[in-house]
Each structure stands twice: as structure tokens, then as C-alpha cells.
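Chemist: Next up is a structure, given as C-alpha cells.
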Amino acid sequence: MTISKIIAICMISIVLASCSRPQDKPPAASGDQPTLESSAVQSFSGNKAKQNDFLTINKRLDKDIYPMDSLLVGDQLWYVEEEGIYSYQLNTNELRNEIETKGFNEIRAFNNNIWFYFQQLEGSDDNNLSKPLVRYDTKNEKFISYSEKDLRLGSSLTLYSDEHTAWIGSDSGSISIDLTTNKVKNRYELDEVTSINGNQRMVYFGKRDGSIHTYDKVAHQFGQLQTTEQLQGAQIEELRWFNGKLMVIWGDSDENTGVSLFDETSKSWEEFVQQDASGYVWSDQISSFQMGLLTEDKGEQLVNYSWIESSESLEKIYKTSFVVIEDIATINNRYALISAFEEGVNVLDKSTGEIIWKSADIDSGTLHKVRDSEYIMISSKGIYDILINIDFDDIDSEIIENEGDPAGITMSNYSNVKYGFEIDYPSSWNISEESLAGDGVYLYEEDGNDIRTYGGYYPLGDGIDTSEIDEAKEAGIQVEEIETLQGIKGYVFKEKDSGDNAVMHYIVYGSEIRVQLYAAVTSTFYSKNRELLLEMAKSIYITD
């Protein structure tokens, strides 16, 4: 069964018109929640917990909504439906029809921009839009529309953008747009592009034939990845970032579906392939992903698959009774929320595959994480709060502080003008104002965690000063070398590890300045966010 057939099932069933995939989103500010109606939640015969002991559901907005896609950015929930682009403020419960442009079914956020467009991977493109692309500039709080006359790419698009440039692909070709002038910069002879993603150094273009082309933003050169045999001839449906690796979601003409991970450093691949099945993939923040699969001979299945550092991949396949799984969101290492057609909201114990809780309301929708204990669900019947009523300290020490691994985390970029450097950080972090000296900012300062970045010049005439690294080595501290995405050498060492707290230094040396990412954090935070901190250090870009 193809993806388009699954979409058709969703539409015929009059549920959400798109089985959107959740992404980790920035948290909204807390506030008083509506009182729970006693009839809103029921006990489930298989529950291990008493009624309301695990989670409760509050209805925030009672309105018929048929969103084609939705996205949570900060405290603002965006969605697109037939009547245009909407935003819903979590803090004020204000719903606004932002713009009446119709026909969009995709929303993506990169850096300080939110993009709205139409994409169709299969079937004919009958969505003739005069303005097929809209951008919302979050810094200046304004919408920018791009006309088909300027783009000349048709109505079905895919894109990725950084702070300055957007790369847009379609069946008919690819272009880049300068976000300062909003003009097309370049046109590329690269067609049948189905997904684009990138990082500070590279842009990746996935195609219908399974090939992945690259664009080096520093060298301004195109190239092509050496992919696996499984990917050859398969259609690439989506490119994402997962555990700092490029995640490739694909399907082929033999009804096989798969997920492949590409490691930029080692140039190696890892793969998961499910034969005679098709479905959707959901990735989470704890080194695993889930797949809702429709198989010809086994019906509906849910696959939980993990890549955990250097250990072997862990595969678990659960047989489920769900007709259509709308969405999945991870609570922690053990539990996940499942939104399913005619089954409402369910809690899955991933260690056993057992559904331990389900809601009474036969409603389903797309889930968005607000914080560890709160999710937002947008459905055809309105917008809901889902509140997790458990103490994470008491569940097998499975504390998820902040976002964890960098998989699927929406990142923002801090740029320091005085010393000429940049660094990526999770958009959910409320960074401080720049210091009076102009050398950096506090990136994260909560719950006893102190993460900051700053830069400075070397002593005049002395050249590169690595005294901190030399002193650490002399003190017997293990110092490891790293390489940034820019190709500059850096170092990382742990100054302190008391068991309860850790102090980490990530230092990158340019020709004229040094840039440091400093993290004094709890041991729990570090264990959950070690990979995220390393990826942030590798994102340091020096412009001197």
C-alpha cells in the first residue's frame, strides 16, 4: 500500500486529512489549564494505573478543524486547512486566520522562518496555485509570498532554509532564494526532488530515484552521496536529522519501506527495511523511531526501532488493532502516546507492546510536545491539552530533561557580530540578552544547568593560544579532538565530574578568535543531552 492510499483512508474516514509526523517543538509558557470534565476520561480495562493517574485530557478549543498539517513553534500552534493559514496562541487561547491563501498541506520551520506550501509525492498535481509558497519571518513578524511566475517550479514543492538562503525543489527543477532580497539566486538542473534538508555545511536533495545529491555551502559545489543497494530505485519520501545523522525515509515499487541513517563523519550507513509494508515514520528524542505499518498479510503493526550509540540496533514489532495510527509522540524511554482513528489517545508501554491506557473520546489527531509533562493535540474536533500525571523520577530513573538527543529538534542560530562566530541551539531554549562585553550569551539556565557560549581574540601577536587545552592535559584530564561542520579543529574535555554534576568545555580555534561552549550541568542532564551538546559544538562556525 502506498502513502497516498493511506492518506486516502484517512480522508474517507473523515479524520485528519494528513497523517502528519510529530517533531519536537519549543515549550510554551505555563498557565492555568481548564478543569477536566469527569466524562472526558474513562478507565481502560487493561490499565495498570487508576483513572486519571497516568494522564488527563482537557479540551482547549471546541471547533471543527480539518488541518492538512500543523506545527508548534514556541507558544504558537500553526496549522493549514481549506480556509488558509491559522495560528493558535497557547497562552491566550486566541485563534487567528492569519492569511487566506488556500491549498497548502505542509508546514516546516527552519531557523527564524516558517514555511507553508503544497507537496504531493504521488499522483497528479492538480493544485494550481498562483502563490505556491509563503514564508513567515518570525523576527520581523511578517508574511512573504512567492509567486509561481517567479519560482517556475509548479505547485508541488519541498524546501530547506538556513538564515540567509532557501533551497526549493520540485519535479521540474530546483532553485535557491536569497532571503534578504526574496529573489531567486540560482536555478539548478536538479529535478524530481522529493525532500531537502541540511545543516551548517551541506544541503541534501533526495530524489524519486533514490539518489541523494549534495551541495557544499562553503565550497559552492554539488556532489552525490554513495548510497546503499536498498536505496537504489527507491523513492525518498523525507530527509530528517536523527541523533546527529541524516535519516532517509523511503519506499520502493515492491511495497518495501525503510529507514536509513547516514553518518557524515564515517560516511557509513545503517538500515532498517520492512518488506511488503508501507506506512509512516515517527522519530523521537531518545535514539529511537516508530513506524506505523500496514502489511498485506499481517495487517497493522507498530515497529519500535532504536539506534543507541555503538550498541546493536534493537528491533521490536508489536501487532496492534489500530485501523489507522494518526500520530505517535514519545513520553520517555518506556512510554509513548499513540493517537489512532476510532481509538482516541492511547499510552503504549514500549517494553512490552501493551496499551496500558486509552481515552474514552473517539477522537484522534496530531500530537505536539509542549514540555515533558504536556502535549497538544489538534484534531477534527478541536485542540486538546494532554497532561502527563507521572513523576519522571519514579519511572526507572527515565528523566528526560529538555529535548535529549538532537533528533528532530528545531534549532535556532545565535550569531555574534563582535567576534564573528555562530552556533546552533534548540529553539526551545530561552537564551539571554548578549553580555555587555558583547562576547556571548547564556544559552540555557534552568534547574541548576548553566550553558553558555562566548568568543574572544587571542593575545595580540601571540597567535593561536591553546593554554586551556595544555593545562587540562597537564592536569591529567582526557582531551578529545573534534571537527566542526566547517572543518575546523576543536577540543572537548570534562573539567569536573562529581557524580551529581559535570562541567564540560568545548573549544574551537579559528585563526584570530577562539569560541567556547561551556556547560555546567547536572549529571542527569548531561547523560540525556551529551549528543546534543556535541552537535552544538560541531555547529560552531567562525567567520573571521
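Laboratory data are not the source of any read-out in this text; all were calculated from the coordinates shown. Bear in mind that the values here come from a model prediction, so they are computed numbers and not experimental data. FYI the Cβ positions are ideal-geometry reconstructions off the backbone, even for glycines, and counts take in every protein chain you see.
Chemist: Please work out how much length the chain gains when fully extended from Asp254 to Asp465, using 0.36 nm per residue of separation minus the C-alpha to C-alpha distance, in nm with one decimal.
Modeler: My answer for the length gained is 70.2 nm.
Chemist: Once label points are set 7 Å from the Cα along Cα→Cβ at both Glu315 and Val273, what is their separation, rounded to one decimal in nm?
Modeler: So the label points at Glu315 and Val273 sit 1.1 nm apart.
Chemist: Let me ask something else about it. Using θ = phi - 60° and the Karplus curve 6.51 cos²θ - 1.76 cosθ + 1.60, what whole-Hz ³J(HN,Hα) does each residue of region 165-182 get, with Gly and Pro shown as x?
Modeler: So the Karplus estimates, Gly and Pro as x, are 9, 10, 10, 10, x, 7, 5, 8, x, 9, 9, 10, 10, 7, 6, 7, 9, 6 Hz.
Chemist: Distance check, please: which entries in Lys319/Lys528; Lys496/Lys538; Lys63/Lys245 exceed 32 angstrom between their Cα atoms?
Modeler: The pairs that break the limit, which is 32 Å between Cα atoms, are Lys63/Lys245.
Chemist: Whole-Hz Karplus ³J(HN,Hα) for region 442-456, in order, using 6.51 cos²θ - 1.76 cosθ + 1.60 and θ = phi - 60°, x for Gly and Pro?
Modeler: Going residue by residue, I get 7, 7, 8, 8, 9, 6, x, 9, 10, 10, 9, 9, 7, x, x Hz, with x marking Gly and Pro.
Chemist: How far is it, in nm, from the label point at Glu229 to the one at Glu342 when both lie 7 Å from their Cα along the line to the Cβ?
Modeler: The two pseudo-label positions are separated by 4.1 nm.
Chemist: Then there is this: Amide H neighbours of Phe110 under 5 Å, counting only residues 5+ apart in sequence or on other chains, H built in-plane at 1.01 Å?
Modeler: Residues meeting the criterion, in which the H sits 1.01 Å from N, are Trp115.
Chemist: If you don't mind, another one. Taking amide hydrogens as modeled 1.01 Å from N in the peptide plane, which residues meet the under 5 Å criterion relative to Ser412, leaving out close sequence neighbours?
Modeler: Amide H neighbours of Ser412: Tyr425, Ser427.
Chemist: Along region 76-90, what does the Karplus equation 6.51 cos²θ - 1.76 cosθ + 1.60 (θ = phi - 60°) give for ³J(HN,Hα), rounded to whole Hz, x for Gly and Pro?
Modeler: Going residue by residue, I get 10, 9, 9, 8, 10, 9, 4, 8, x, 9, 10, 10, 10, 7, 5 Hz, with x marking Gly and Pro.
Chemist: Next up: What translational D, rounded to a whole number of µm²/s, comes out for region 85-146 from Stokes-Einstein when the hydrodynamic radius is the Kirkwood one over Cα pairs, at 10 °C and 1.306 mPa s?
Modeler: Value of D from the Cα-based Kirkwood radius: 123 µm²/s.
Chemist: Under the rule of at least 5 residues apart or a separate chain, name every residue whose amide H is placed under 5 Å from the amide H of Asn186.
Modeler: Ser176
Chemist: Taking the simple approach of a point 7 Å from Cα along Cα-to-Cβ for both Thr214 and Asp349, what is their distance in nm?
Modeler: 4.5 nm
Chemist: If you don't mind, there's one more thing I want to ask. Going from the alpha-carbon gyration tensor of region 411-542, what semi-axes, largest first and in whole Å, does one get by taking the root of 5 times each eigenvalue?
Modeler: 21, 19, 13
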